[in-house]
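Right, I'll just put the structure down here and ask away after.
The values are calculated or read from the model by the stated rules, or taken from the named source; none is laboratory data. Everything numeric here is computed off the predicted structure, so don't read it as measured data. Note: ideal-geometry Cβ built from the backbone for every residue, glycine included; neighbour counts use all protein chains shown.
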Amino acid sequence: MEAPFDSQPGVVSVTPGYTGGSVKNPTYEQVSAGGTGHAESVQIVYDPVIINYDKLLGIFWHNIDPTVTDRQFCDRGHQYRSAIFYHGEAQRKMAEESKAALEKAKPFKEPIVTEISPASQFYPAEEYHQHYYKKNPLRYKYYRTSCGRDRRLKDLWGNAAGH
């Protein structure tokens, strides 16, 4: 999820990490094994004068499969759930409204199961996870194709996939 946001004008930083769990300072190994309650996530800092929260929500929806519980593409487990972790009432309301609009539009048959929860402590992932798509472009591309990510996004969103 880092790459789609990283390229947007107005996005100041995108930090991969973990949130939504109960273990302090979790490691990738702990989170990926499950049991910490964390979700692999990204923390986005943005300039609201240049890009607004609605635009960020649109990018989020078009880069996930919101119809599956506790997984994204070939990654399975509660740590891979799709979730929006909001900061404040305004973000909660906007996230709920974007989800409701998507449900009303019915772009796919399955129900939307993405959770919308208050943000909790965010823990940045280890350095080797930061900008992984830039540091390991071949592995990242292989992941996107071998896990069926690009194909599934195209099935869900058509030409709007990844935007």
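Go through (1) of a type in the set (Ser, Thr, Tyr); (2) free of Cβ contacts under 8 Å to residues at least 12 places away in the same chain; (3) surrounded by 13 or more Cβ atoms within 10 Å (Cβ to Cβ) and name the single condition Tyr133 misses.
Every listed condition holds for Tyr133 apart from (2).
Check Val45, Val31, Val68 and return the single one that is farther than 29 Å from Phe108 by Cα, at pLDDT 95 or above, aliphatic (A, V, I, L, M) and not in a helix (DSSP H, G or I). Spell out how you get there, then give the answer.
Details: Val31 fails: not in a helix (DSSP H, G or I); Val68 fails: farther than 29 Å from Phe108 by Cα.
Exactly one residue qualifies, and that residue is Val45.
Among the listed residues Thr69, Thr15, Thr36, which satisfies the condition of being under 18 Å from Ser117 (Cβ atoms) and touching a strand residue (DSSP E or B) at 6+ places or on another chain (Cβ under 9 Å)? Before the answer, list the steps.
Values: Thr69 fails: touching a strand residue (DSSP E or B) at 6+ places or on another chain (Cβ under 9 Å); Thr15 fails: under 18 Å from Ser117 (Cβ atoms).
When all the criteria are applied, what remains is Thr36.
Looking at the range 40-62, I want the residues that are under 14 Å from Pro16 (Cβ atoms) and without any contact (Cβ under 8 Å) to a residue 40 or more places away in the chain and have a partner that is among the acidic types (Asp, Glu) and not in a strand (DSSP E or B) with Cβ atoms under 8 Å, at least 6 apart or on another chain. Which pairs are those?
From the range 40-62, no pairs qualify.
Just name the residue that is surrounded by the most Cβ atoms within 10 Å (Cβ to Cβ) out of those in the range 80-105 that are polar (S, T, N, Q) and under 14 Å from Ile64 (Cβ atoms).
Of the range 80-105, the ones polar (S, T, N, Q) are 82, 91, 98.
Next, only the ones that are under 14 Å from Ile64 (Cβ atoms) stay: 82, 98.
Working: Ser82: 22, Ser98: 20.
So the residue we want is Ser82.
Name every residue in the range 83-108 that is in contact (Cβ under 8 Å) with a residue 12 or more places away in the chain and part of a loop (DSSP other than H, G, I, E, B), in order of residue number.
Selection gives His87, Pro107, Phe108.
Yes or no: Glu29 acidic (Asp, Glu) and farther than 26 Å from Thr145 by Cα?
Numbers: acidic (Asp, Glu): yes; farther than 26 Å from Thr145 by Cα: no.
Considered against the rule, which asks whether it is acidic (Asp, Glu) and farther than 26 Å from Thr145 by Cα, Glu29 comes out as no.
Then there is this: Name the single residue, out of those in the range 153-162 being surrounded by fewer than 13 Cβ atoms within 10 Å (Cβ to Cβ) and not polar (S, T, N, Q), that is farthest from Lys109 (Cα to Cα).
Within the range 153-162, the subset surrounded by fewer than 13 Cβ atoms within 10 Å (Cβ to Cβ) is 155, 158-159.
Filter once more, so that each one left must be not polar (S, T, N, Q): 155, 158.
Working: Asp155: 12, Gly158: 14 Å.
Only one residue fits best here, namely Gly158.
Can you pull out the residues in the range 25-64 that are among the acidic types (Asp, Glu) and more than 30 Å from Ala160 (Cα to Cα)? Spell out the reasoning first.
Initial filter on the range 25-64 (among the acidic types (Asp, Glu)): 29, 40, 47, 54.
Within the range 25-64, Glu29 is the sole residue that qualifies.
Hey, another quick one. Which one of these is farther than 25 Å from Arg152 by Cα and of a type in the set (Val, Ile, Thr): Ile84, Ile50? Before the answer, list the steps.
Values: Ile84 fails: farther than 25 Å from Arg152 by Cα.
When all the criteria are applied, what remains is Ile50.
Mind checking which residues of the range 136-152 are surrounded by 11 or more Cβ atoms within 10 Å (Cβ to Cβ) and of a type in the set (A, V, I, L, M, F, W, C)?
Of everything in the range 136-152, just one residue is surrounded by 11 or more Cβ atoms within 10 Å (Cβ to Cβ) and of a type in the set (A, V, I, L, M, F, W, C), namely Cys147.
Right, another one. Pull up the range 106-116, narrow it to residues that are surrounded by 13 or more Cβ atoms within 10 Å (Cβ to Cβ) and out of contact with any helix residue (DSSP H, G or I) (no Cβ under 9 Å at 6 or more places or on another chain), then point me to the one that is nearest to Tyr18 (Cα to Cα). Steps first, please.
Taking the range 106-116 first, the residues surrounded by 13 or more Cβ atoms within 10 Å (Cβ to Cβ) are 107-108, 112-116.
This time we only want the ones that are out of contact with any helix residue (DSSP H, G or I) (no Cβ under 9 Å at 6 or more places or on another chain), so: 113, 115.
Numbers: Val113: 20, Glu115: 15 Å.
Filtering first and then ranking leaves Glu115.
A follow-up question, please. Considering only residues of the range 1-28 that are outside any strand (DSSP E or B) and in contact with a His (Cβ under 6 Å, 6 or more places away or on another chain), which is surrounded by the fewest Cβ atoms within 10 Å (Cβ to Cβ)? Step through it out loud before you land on a result.
Initially, the range 1-28 is screened for residues outside any strand (DSSP E or B), giving 1-10, 20-28.
From the residues that got through so far, the ones that are in contact with a His (Cβ under 6 Å, 6 or more places away or on another chain) too are 20-21, 26.
On the way: Gly20: 22, Gly21: 19, Pro26: 22.
If we take residues in the range 1-28 being outside any strand (DSSP E or B) and in contact with a His (Cβ under 6 Å, 6 or more places away or on another chain), then Gly21 is surrounded by the fewest Cβ atoms within 10 Å (Cβ to Cβ).
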